[in-house]
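The values are calculated or read from the model by the stated rules, or taken from the named source; none is laboratory data. Because the structure is a prediction, the values reported are computed rather than measured. All Cβ positions, glycine included, derive from the backbone under ideal geometry; neighbour counts span all protein chains shown. Note: areas computed on protein heavy atoms with side chains; ligands, DNA, RNA excluded. Shrake-Rupley method; radii C 1.70, N 1.55, O 1.52, S 1.80 Å.
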Amino acid sequence: MSKILTARGLRRVLSGRPVLQEVDLDVGTGEFLAIMGPSGSGKSTLLYSLSGMDDTDGGSIDLEGTELTAMEQKQLARLRLTRFGVVFQQAHLLANLTLLDNVVLPGRLARAASRSAVVARARDLMERTGVGELAQRDVTQASGGQLQRVGICRALINSPQIVFADEPTGALDSASARAVMRLLSGIHADGTTLVMVTHDVEVAAHAQRVITMVDGRIVGERRLGGWDGKEGSLLERARQLRQGAVSRARTGRA
């Protein structure tokens with residue numbers, strides 16, 4: 001598998017505390033990678049550093065020959081708009097826009113297609129993710145799970161190479177979380193690289209590879225391969241991840 005993103009020696013210090021400590025990581029083209037770890041382990045900081053949303057205090061991040069740490073903020077913003085998609089724990093939609101217009105907005109900002117083409121793509125994404133009938137509603141007229149799906153549509157509007165997801169199911173009930181993870185798994189199946197932070201082993205079990213962070217370092221890795229879409233195999237993958245966590249704890253390894 002070719003590499004789309006390569007990080008070497010990433011360091012980040014916040015309030016005098018090292019949050020990332022010499023992190024090395026390769027992300028394969030078309031890979032589904034999950035990042036796990038306890039609160040304060042640096043997993044979200046790593047995600048935001050890889051996506052250019054957070055500064056680093058050392059190291060390099062290479063995106064297919066482009067060094068992200070050398071880019072100016074305007075260049076990074078353009079990169080996130082055109083080549084990256086970001087899904088947050090909360091959808092962070094604009095209250096003064098309809099749900100459709102929230103999806104359309106980054107497509108118009110990218111200026112890569114006409115308004116009619118962007119609107120057509122937005123409507124198609126919303127239909128495919130099961131929220132098409134909500135297009136003209138505002139954020140107060142949809143459930144948390146529906147808003148998260150709209151947020152995913154917004155992240156996909158410019159056909160990103162990589163989608164970064166930070167705890168995408170953390171604020172959802174179990175049924176909505178399962179629906180969102182099936183949606184993200186489908187996005188990955190279509191060829192999009194997916195990097196996701198989660199604390200939930202059943203969510204991480206959808207990934208091909210799971211890395212574990214503790215105290216700003218990557219301390220473990222588990223390769224799961226592709227998921228066949230069956231609930232039983234998903235539960236087995238989650239069981240394997242839990243067993244690995246227990247084993248590491250008993251042996252004193254993180």
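Numbers at a glance
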item: Qualifying residue in the stretch 105-115 (condition: aliphatic (A, V, I, L, M), out of contact with any strand residue (DSSP E or B) (no Cβ under 9 Å at 6 or more places or on another chain), closer than 29 Å to LEU63 by Cα and surrounded by 20 or more Cβ atoms within 10 Å (Cβ to Cβ)); result: no
item: Matching residues in the stretch 26-46 - criterion: being over 18 Å from ARG242 (Cα atoms), among the small types (Gly, Ala, Ser) and more than 12 Å from the chain's Cα centre (by Cα); result: GLY28, GLY30, GLY40, GLY42
item: Exclusive hit being surrounded by fewer than 20 Cβ atoms within 10 Å (Cβ to Cβ) and not β-branched (Val, Ile, Thr), set ASP166, ASP215; result: ASP215
item: Complete set of residues in the stretch 140-155 that are open to solvent by 20 Å² or more (accessible area, probe 1.4 Å) and part of a helix (DSSP H, G or I); result: THR140, GLN141, GLY144, GLN146, LEU147, ARG149, ARG154
item: Positions within the stretch 128-137 being modelled with pLDDT under 95 and out of contact with any helix residue (DSSP H, G or I) (no Cβ under 6 Å at 6 or more places or on another chain), in sequence order; result: ARG128, GLY130
item: Entirely in the stretch 11-91, the strands (runs of 3 or more DSSP E) that have 2 or more residues that are acidic (Asp, Glu) and either modelled with pLDDT of 95 or more or open to solvent by 50 Å² or more (accessible area, probe 1.4 Å) (or both); result: 17-28
item: Residue list for the stretch 92-104, restricted to those being open to solvent by 20 Å² or more (accessible area, probe 1.4 Å) and among the aliphatic types (A, V, I, L, M); result: LEU93, LEU94, ALA95, LEU97
item: Candidate set: the stretch 201-248, residues that are of a type in the set (S, T, N, Q) and touching an Asp or Glu at 6+ places or on another chain (Cβ under 9 Å); chosen: the one nearest to GLY58 (Cα to Cα); result: THR212
item: So ILE152, is it touching a Phe, Trp or Tyr at 6+ places or on another chain (Cβ under 8 Å), of a type in the set (A, V, I, L, M) and within 24 Å of THR82 (Cα to Cα); result: no
item: Checklist (1) surrounded by 21 or more Cβ atoms within 10 Å (Cβ to Cβ); (2) closer than 20 Å to HIS92 by Cβ applied to SER176, failing item; result: (1)
item: Those residues of the stretch 121-139 which are assigned to a helix (DSSP H, G or I) and open to solvent by 60 Å² or more (accessible area, probe 1.4 Å), in sequence order; result: ARG121, ARG123, ASP124, GLU127, ARG128, GLU133
item: Breaking point among (1) open to solvent by 40 Å² or more (accessible area, probe 1.4 Å); (2) within 24 Å of PRO18 (Cα to Cα); (3) touching a residue at least 40 places away in the same chain (Cβ under 8 Å), for GLU221; result: (3)
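Here's the yes/no breakdown for (1) of a type outside the set (Asp, Glu); (2) in contact (Cβ under 8 Å) with a residue 40 or more places away in the chain; (3) in contact with a strand residue (DSSP E or B) (Cβ under 9 Å, 6 or more places away or on another chain):
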residue	(1), (2), (3)
ALA165	yes, yes, yes
ALA175	yes, no, no
LEU183	yes, yes, no
THR193	yes, yes, yes
VAL197	yes, yes, yes
HIS206	yes, yes, yes
ILE211	yes, yes, yes
